[in-house]
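Below is one structure; the comments refer to it alone.
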Ligand SMILES: [Zn+2]
């Protein structure tokens with residue numbers, strides 16, 4: 001059963017390649033070809049990712065819901081950052097609601113990209129290189145199978161052998177990182193008509209229209225001509241049920257709109273009054289000290305409004321922070337101990353206009 005892959009054949013390979021290994025009853029694949037999978041079924045795989053330093057592989061759990069009728073292939077990607085677990089839960093809940101016998105097209109769920117980061121509830125990929133360092137896996141896309149770090153190679157494998165030959169559109173699920181909290185938030189390049197449509201189907205609390213950030217999966221996909229957006233589902237490390245429910249509702253709306261599943265649409269951005277901006281003001285601590293927050297998520301703020309203060313070990317106030325823009329609070333620090341340079345708050349606003 002083991003099939004060796006000639007790297008030069010990767011771009012055109014339409015087949016699913018089984019390595020012959022079975023892990024916990026689940027077949028291991030080194031390449032996914034959704035087109036040739038049996039229709040009307042859900043398929044579970046472990047995708048063979050990059051090797052560790054001892055030669056064993058990291059394996060990424062993948063579920064493919066393959067409909068009975070032709071239609072688009074939607075990728076749902078979670079766990080690029082390992083402490084952002086609500087994305088994994090949201091994607092699991094979407095997949096549990098799909099009936100492949102009644103579906104058109106297919107959904108590819110990637111349930112935990114950054115394996116060592118997920119295992120240790122850390123944001124970044126832990127690498128043994130240099131005596132132990134970390135790589136932000138959402139700055140390395142589209143990856144490189146011959147890259148200088150395992151994380152870059154892992155991204156390259158997923159990009160070449162799982163995503164790019166299969167998916168027509170992608171939703172990438174995140175949360176804020178450990179120590180902070182976030183709203184149910186979208187990053188989307190609304191200049192792209194399909195991305196705009198996907199975003200408008202999401203009952204997010206807030207949305208930033210932006211051209212994207214180099215190295216993110218979202219931006220790499222958009223640059224490759226595949227519509228994609230990033231969904232932030234609140235805070236890290238624990239499930240956020242209300243925001244997860246919103247993310248599931250938005251995802252199912254996308255699947256319904258593009259004809260993969262039937263049924264009435266849930267709430268959309270217009271129905272929940274998603275606040276749209278095109279910039280985030282990031283206020284960072286100028287000094288060290290304990291942080292007292294004076295605002296919380298979704299608070300509306302005006303320029304000059306106090307948003308936080310810091311005290312030293314003796315209780316003296318050593319810094320006060322004020323909003324510089326009119327907007328709505330999107331991210332707040334939750335850790336009280338606050339080093340210089342740490343993010344205190346992010347405010348969603350519209351450049352040159354009032355947030356509507
Ligand atoms: Zn993230």
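Derivation of every value follows stated rules applied to the coordinates shown; laboratory data play no part. Because the structure is a prediction, the values reported are computed rather than measured. Don't worry about glycine lacking a Cβ; one is built from the backbone with ideal geometry, like all the others, and counts go over all protein chains shown.
Per-residue ellipticity at 222 nm computed for the chain from its helices equals -5000 deg cm²/dmol, with DSSP H segments shorter than 4 residues left out and the rest contributing -39,500 (n - 2.57).
What FRET efficiency, computed as 1/(1 + (r/R0)^6) with R0 = 35 Å and r the Cβ-Cβ distance, is obtained for residue 102 and residue 15, rounded to the nearest 0.05?
With R0 = 35 Å, the Cβ-Cβ based efficiency is 0.85.
How large is the translational diffusion coefficient of the chain in µm² per second when you combine the Kirkwood radius over alpha carbon pairs with Stokes-Einstein at 37 °C and 0.692 mPa s? For the chosen part, D equals 155 µm²/s. Summary value for region 78-155: 29 percent relative contact order, contacts being C-alpha pairs under 8 angstrom separated by 6+ residues. Let me have the relative contact order for region 7-275, percent, based on Cα pairs under 8 Å that are six or more residues apart. Normalised by residue count, the contact order of region 7-275 is 18 percent.
Contact order, relative form, for region 279-349: 44 percent (alpha carbon pairs under 8 Å, 6 or more residues apart, mean separation divided by residue count).
Relative to the first principal axis of the alpha-carbon coordinates of the chain, what is the inclination of helix 86-96, with its axis defined by its Cα atoms, in degrees from 0 to 90 and to the nearest 10? Helix 86-96 and the main axis of the chain meet at about 40 degrees. If you find the alpha carbon centre of region 54-132 and of region 200-219, how far apart are they in angstrom? Cα centres, region 54-132 to region 200-219: 19 Å.
Compared with the dominant Cα axis of the chain, that is its longest principal axis, helix 241-257 is turned about 50°. Going from the fewest other Cβ atoms within 10 Å to the most, the residues 137, 293, 52 appear in the order 52, 293, 137.
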